[in-house]
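Notes follow once the structure below has been shown.
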Amino acid sequence: MMKTKQQPPALQVVMKEAKRAIRPLIWFSGGINVLMLTGALYMLQVYHRVLSSHSLETLVMLSLMAAGALATMAGLEVVRGRLLAKVGSWMNARLAPVLLTASVEYAASAPGQANSRPLRDLDQVRNFFTSPSIFPILDAPWAPLFFAAIFLMHPWLGWLALCGGIVLFALALLNEYITRKPLTESASAQSRAYVQAEAAIRNAEVVQAMGMLKPLLEGWKAQQDEANKGQVLAANRGGVIAAIARCHRLALQMAILGLGAYLVLRNEASPGIMISASILMGRALSPVEQAIGTWKATVGARAAYKRLTAVAGEHREATPVLPLPRPKGRFEAENLVLARQGSEHILKGISFQLRPGEAMALIGPSGAGKTSLARILAGAWRPSGGRALLDGMDVAQWAAEDRGHHVGYLPQDIELFAGTISENICRFATLNPAVFNNVVKAAQLAGVHELIKGLPKGYATEIGESGAVLSGGQRQRIGLARALYGDPALIILDEPNSNLDREGEDALIAALGAIKAAGTTVILIAHRANMMEKVDKILVLNRGQQDLFGSRDYVFNELSARIRQVTQVPASPMPEISAAAAVVGVDNGTPPSSKRTSRQGAMSTAVVANQA
C-alpha cells in the first residue's frame, strides 16, 4: 500500500486556512469601531449646531443619521458573530477527526494514558471563538482611533485619556501575571480529577464490589480541592485587579469630565467636546477592561490550544491511500525492539519468519513480553527498532484503514463497542447484504452463529457499552468472529480461549484448522496444550528476549531436555507434547487438584533452565 504525497500537519493547515477569515473580521471590526463614534459625534453636533441654532430640522436629520449608523453597526456585529461561529464550527469539523485519530493512536502506543482531553480542548477553543471573550482582542487594535479623536478635540484631554489607558493596560498585564500560575495548576489538577473519575466509572463493578469508592473518592476530592484552590486564588486576585480597574476607569471618566469643564470655563473647549471626550475615552478603554474580566476564558483557551499543538502539532490529516492486493500471508520479524521511556527494554531483538498458512504459538512466563510483541505484529504499537513485515510491507507504516482489511486481531481485552453484534463483527462498516453475508460467514467460521441466533434479536442484538450484556465467553467468541471477518491474511490471537468453556474451545480449535487450511497465517498466544496441536512453530520468550524458535516438536524436545538437564532426572515416559506443555505452564490434562502446583513448578524449572 502506497501513501500519497505527505501533507503538512493538520493543525498548521487548519490555522493557515483560518487566517482567510482574519481580513473580513478586521474590516467588520473596523466598521463597528468607526460607527462607535456615532454617539460622541451626535452629542458634539447637538451641542454645536442644534442648541445654538434652535433648529428642529437639524435635530431630526442628525437623529436619523445616528439611527442609521447604529443600525448598520448592529448589522455588522451580527455578521461578525456569525462569521466567528462559522469559523469555530469549521475548525471543529476539520480538527475533531484528526484529534480523535491522534488520541486513539497515542492511547494505543501508551496504554493507560487514554483520555478525551484533546476533544474537550477543541471545544474550549471553539467556544472561545463564539463567546464575547474574543471581542476585546478584535476591538483593542482600534483603540488608537478613539485616542486620536480625543487628541483632535484637545491635547490635554488626549494625554489624560492616553495616560489612563496605559495604567489600565498595565493592570491587565499584572492580572495575567498573577493569575497565570494558579490557573495553570488548577487546570492540571482538574484534568487529573477527570481522569480519576473516568477510571472509577469505567471500573464501576470492581469499585462497588470491593468497596473502593471511598478511597477513590478521597483521592478525587484531593484533586478537586487543588483545582478549586487554584480557581479561588486566581478569582480572588483577578477580582482585586478588576475592582481596581473599574475604579480607575470611573475615576478617569470623572477626571476627563472635570478637565473638560475646566477647559470650558477657560473657553478652550465646548460642553459638547467635554461630553464627547468622556464617551470616546470609555470606548477606547472598554476592550482593556473587558479583557481583564474575561481573562480566565482567554487563558483557558490559550492553554487548550497549546495542548492541541502538543497532541496534533505533527499529526496529519487522513489522505487518500492506494490499497494493495490482499497479501499472501508471508510474515517476517526483523530484530524487533520495544522500549518504554524511563524503563528497560520490553522486547530485545525478536526475529522469525512464517510462510503463508503457518501457525505459530507465542509462549513464555508472565511478563515475558508476549502481548507487547503481539501488539507490534498487529500494527497497534510501533517498535523502537526493527520491522514487522507482512509480504514485505512494514505493518507500522501501513495505513490502518487498508492494513485492517488484511489483519485480524483478538486482544486480551476483547474491547467490543456499543452497537449491534453485526456492527461489531463487521468492524462498523456500512451494513448491506454483501457485508452481512460476510458477517454470517465469519460467525460460522468462529462457531458462534448458533449462539447469536439464540439471542433475543439475533445479529441485531444491542450489546451495550463494551458488550456489557454478554458474558465473558460470548464476548470472546464474537471478538474472534470480528478477527476472522473479511478473510484476513494474518490473524493474531492473544489468549483466545481464556474465557471459553469446552464448547467454545472446540469451536476455536475447529476455526484454527479451517483458517490454516485456507492459507491464513496465524500467531497465537495460548496456555493450554490442546491449542498447541494446531501450531507448526513455537517462539519462546523469556524476559523480553527470544529464547527458542523452531518447529513445535523441536521446541518441545528442547524444553524437555532442559528440564531433564537442570533436574538431572531421566527422560519422562510421558508424551513429548505433555512434557512440553508442563514446561510452558499450560493445561496438559493434569488432575485439577495438582494442575496449579505442577504448572508453577515446571515453569520455574524452565526459567532456571533458560537462564542457565
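For the reader, a short list of remarks on this structure follows.
- The number of residues in the range 82-94 being among the polar types (S, T, N, Q) and open to solvent by less than 50 Å² (accessible area, probe 1.4 Å) comes to 1.
- For the range 399-413, the set of residues classified as assigned to a loop (DSSP other than H, G, I, E, B) and crowded, with 22+ Cβ neighbours inside 10 Å consists of His406 only.
- Restricting Met73, Met91, Met43, Met15 to residues that are at pLDDT below 85 and over 39 Å from the mean Cα position of the chain (by Cα) narrows the list to Met43.
- Leu173 in a helix (DSSP H, G or I) and either touching a residue at least 24 places away in the same chain (Cβ under 8 Å) or in contact with a Ser or Thr (Cβ under 9 Å, 6 or more places away or on another chain) (or both): no
Let's see how each residue does on (1) of a type in the set (D, E, K, R); (2) on the phi < 0 side of the Ramachandran plot; (3) touching a Gly at 6+ places or on another chain (Cβ under 7 Å):
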{"site": "Ile376", "(1), (2), (3)": "no, yes, no"}
{"site": "Arg387", "(1), (2), (3)": "yes, yes, no"}
{"site": "Trp398", "(1), (2), (3)": "no, yes, yes"}
{"site": "Phe417", "(1), (2), (3)": "no, yes, no"}
{"site": "Asn424", "(1), (2), (3)": "no, yes, no"}
{"site": "Lys441", "(1), (2), (3)": "yes, yes, no"}
{"site": "Gly447", "(1), (2), (3)": "no, no, no"}
{"site": "Gly454", "(1), (2), (3)": "no, yes, no"}
{"site": "Lys457", "(1), (2), (3)": "yes, yes, no"}
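- Selection count where residues are of a type in the set (A, V, I, L, M), closer than 18 Å to Ile538 by Cα and free of Cβ contacts under 8 Å to residues at least 60 places away in the same chain, scope the range 357-411: 2
- Residue match in the range 583-591 (condition: open to solvent by less than 40 Å² (accessible area, probe 1.4 Å), modelled with pLDDT of 75 or more and more than 30 Å from Glu344 (Cα to Cα)): no
- Within the range 437-452, tally of residues that are surrounded by 15 or more Cβ atoms within 10 Å (Cβ to Cβ) and over 16 Å from Gly473 (Cβ atoms): 7
- The selection criterion, being of a type in the set (Gly, Ala, Ser), open to solvent by less than 20 Å² (accessible area, probe 1.4 Å), in contact with a Leu (Cβ under 6 Å, 6 or more places away or on another chain) and closer than 30 Å to Ser278 by Cβ, does not hold for Gly158.
- Of all residues in the range 170-227, exactly one satisfies the criterion of being of a type in the set (Phe, Trp, Tyr) and open to solvent by less than 90 Å² (accessible area, probe 1.4 Å), namely Trp220.
The values are calculated or read from the model by the stated rules, or taken from the named source; none is laboratory data. These figures come from a predicted structure and were not determined experimentally. No Cβ is skipped: glycine too gets one built from the backbone with ideal geometry, and neighbour counts run over all protein chains shown. Surface areas here come from the heavy atoms of the whole protein model, side chains and all, with no ligands, DNA or RNA. Shrake-Rupley method; radii C 1.70, N 1.55, O 1.52, S 1.80 Å.
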